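Read through the structure below, which is laid out as structure tokens, and then see the notes.
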């Protein structure tokens, strides 16, 4: 039996690796503090690393609330562990207490969690 190689796929993989090599190596440098019993998932660490890179480039980052259960709370906590200064986290009111507890569990202290309903108040207060 002759084994066939798909060289275009191998070239595609090589291109992807070359494009992402910096991010892959950067992720290995960061080891977040994880609460006891928390499962260390590589895709969440990678997402936190990518979010930090976007934040450093554009001065803001947005994690959409599209899919449930992928760890946006934990990704954000890992991102906030890497930042200095105060951070404002804006989210739906129903999630406010859960996020405050989760960020505290991850050792994140210099943050403020606010609900979407308080945005007008925050804008008036700080303008």
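The values are calculated or read from the model by the stated rules, or taken from the named source; none is laboratory data. Note that the coordinates shown come from a computational prediction; the quantities given were computed from them, not determined experimentally. With ideal geometry, Cβ positions are generated from the backbone for all residues, glycine too; neighbour counts draw on all protein chains shown.
The table for this structure:
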{"item": "Hey, residue 63 at pLDDT below 80 and within 28 Å of residue 22 (Cα to Cα) or not", "result": "yes"}
{"item": "Qualifying position, being within 23 Å of residue 30 (Cα to Cα), surrounded by 16 or more Cβ atoms within 10 Å (Cβ to Cβ) and in contact with a strand residue (DSSP E or B) (Cβ under 7 Å, 6 or more places away or on another chain), among 108, 87", "result": "87"}
{"item": "Any hit, region 39-55, residues being in a loop (DSSP other than H, G, I, E, B) and more than 19 Å from residue 20 (Cβ to Cβ)", "result": "yes"}
{"item": "Filter result for the condition that a residue is farther than 26 Å from residue 33 by Cα and either under 17 Å from the mean Cα position of the chain (by Cα) or outside any strand (DSSP E or B) (or both), over 103, 123, 79, 83", "result": "123"}
{"item": "Residue check for residue 32: touching a helix residue (DSSP H, G or I) at 6+ places or on another chain (Cβ under 7 Å) and loosely packed, with under 14 Cβ neighbours inside 10 Å", "result": "no"}
{"item": "Residue list for region 1-32, restricted to those being modelled with pLDDT of 65 or more and more than 30 Å from residue 81 (Cβ to Cβ)", "result": "6, 7, 8, 9, 10, 11, 12, 13, 14, 15"}
